[in-house]
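Engineer: Before anything else, here's the structure in question.
The values are calculated or read from the model by the stated rules, or taken from the named source; none is laboratory data. These numbers come from a predicted model, not from an experiment. Don't worry about glycine lacking a Cβ; one is built from the backbone with ideal geometry, like all the others, and counts go over all protein chains shown.
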């Protein structure tokens, strides 16, 4: 799963946001199937940040709110800020 996350991050850094979103969705799906809440929370945060970059604030909020239910608020804010500056 880390490889998929890293691929998504790499695509995001290259500006290929749609590919980053595709890999984020794969990580989310796998995390949910495995019951991995940490991975699920991270994937939700990543996807929320990607939607924010794409300018779809409605979807960004939906994913970040789901992540908030899983992860402490401080982790989400830190991750979102680092993702939105790349």
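Engineer: Mind checking which residues of region 1-21 are over 19 Å from residue 64 (Cβ atoms) and buried (at least 16 other Cβ atoms within 10 Å of the Cβ)?
Structural biologist: Answer for region 1-21, where residues must be over 19 Å from residue 64 (Cβ atoms) and buried (at least 16 other Cβ atoms within 10 Å of the Cβ): 4, 7, 11.
Engineer: Okay, next question. Applying the selection to region 45-58, what residues are over 13 Å from residue 25 (Cα atoms) and touching a residue at least 12 places away in the same chain (Cβ under 8 Å)?
Structural biologist: Of everything in region 45-58, those that are over 13 Å from residue 25 (Cα atoms) and touching a residue at least 12 places away in the same chain (Cβ under 8 Å) turn out to be 52, 53, 54.
Engineer: A further question on this structure: Inside region 23-44, can you point out the residues that are free of Cβ contacts under 8 Å to residues at least 24 places away in the same chain and surrounded by 15 or more Cβ atoms within 10 Å (Cβ to Cβ)?
Structural biologist: 23, 25, 26, 28
Listed here are the residues, each with its yes/no results for (1) at pLDDT 95 or above; (2) touching a helix residue (DSSP H, G or I) at 6+ places or on another chain (Cβ under 6 Å).
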| residue | (1), (2) |
| --- | --- |
| 23 | yes, yes |
| 28 | yes, yes |
| 65 | no, no |
| 71 | no, yes |
| 74 | no, no |
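Engineer: Next question. Kindly list the number of the only condition in (1) over 16 Å from residue 65 (Cα atoms); (2) at pLDDT 95 or above that fails for residue 47.
Structural biologist: Looking at each condition in turn, residue 47 falls short on (1).
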